[in-house]
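The values are calculated or read from the model by the stated rules, or taken from the named source; none is laboratory data. Model, not experiment: these values are computed from the prediction. Neighbour counts are summed over all protein chains in view; Cβ atoms, including those assigned to glycine, are modelled from backbone coordinates with ideal geometry.
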Amino acid sequence: MKVFRLVREKFALPLSGKGAPIKGARWNPIGIELIYTAQNRSLAMAEVAVHFSLATVPDDYVMLTIDIPEDLEVTQMTEADLPQNWKEFPHPVATQKIGYDFVLENKYVALIIPSVVTKGDFNVLMNPNHKDFPKIKIIEIENFPFDKRIFQ
């Protein structure tokens, strides 16, 4: 499975979850490492763009194409599996518990989960501490300038 991650160039390598536990996010509480990716490039961009305005968008983003080998165990959740308030902002503790449980259970290397930003699309959360994580590889890194019209 190919997944995509849009990230500032200085944080592109190595592929790690070291940034996520600093502040926590929708699917992970503070202290829990996760790598957020998307099933397509446009969702990866949308997930980043919601945090910026034209004046604040950095110009040093790169798009990572990442290969998760098909033989690795992944799991998926649907909207029906999620708490009723899963889309709220700021994110609820209930969604962070999902990521916390996923990492602590350590059964799957990735969790496919619905996107809040783009209905019908999915994010893929990767557990960098899973035994099979080293089999996941970045296969391409390309510059990704944002089209300024997105922020108008």
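At a glance:
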item	result
Residue that is surrounded by the fewest Cβ atoms within 10 Å (Cβ to Cβ) [pool: residues in the range 73-108 that are of a type in the set (A, V, I, L, M, F, W, C) and touching a Phe, Trp or Tyr at 6+ places or on another chain (Cβ under 8 Å)]	Ala94
Subset tally (residues that are in a loop (DSSP other than H, G, I, E, B), touching a residue at least 12 places away in the same chain (Cβ under 8 Å) and either more than 19 Å from Asn143 (Cα to Cα) or not β-branched (Val, Ile, Thr) (or both)) for the range 26-57	12
Strands (runs of 3 or more DSSP E) within the range 65-152 that include 2 or more residues under 17 Å from Ile35 (Cβ atoms), among the charged types (D, E, K, R) and modelled with pLDDT of 95 or more	137-143
Given (1) at pLDDT 95 or above; (2) within 22 Å of Ile141 (Cβ to Cβ); (3) assigned to a helix (DSSP H, G or I), index of the condition Val62 fails	(3)
Unmet requirement for Glu33, which otherwise passes all of (1) within 18 Å of His130 (Cβ to Cβ); (2) out of contact with any helix residue (DSSP H, G or I) (no Cβ under 7 Å at 6 or more places or on another chain); (3) of a type in the set (D, E, K, R)	(2)
Condition check for Pro69: more than 17 Å from Asn127 (Cα to Cα) and of a type outside the set (Val, Ile, Thr)	no
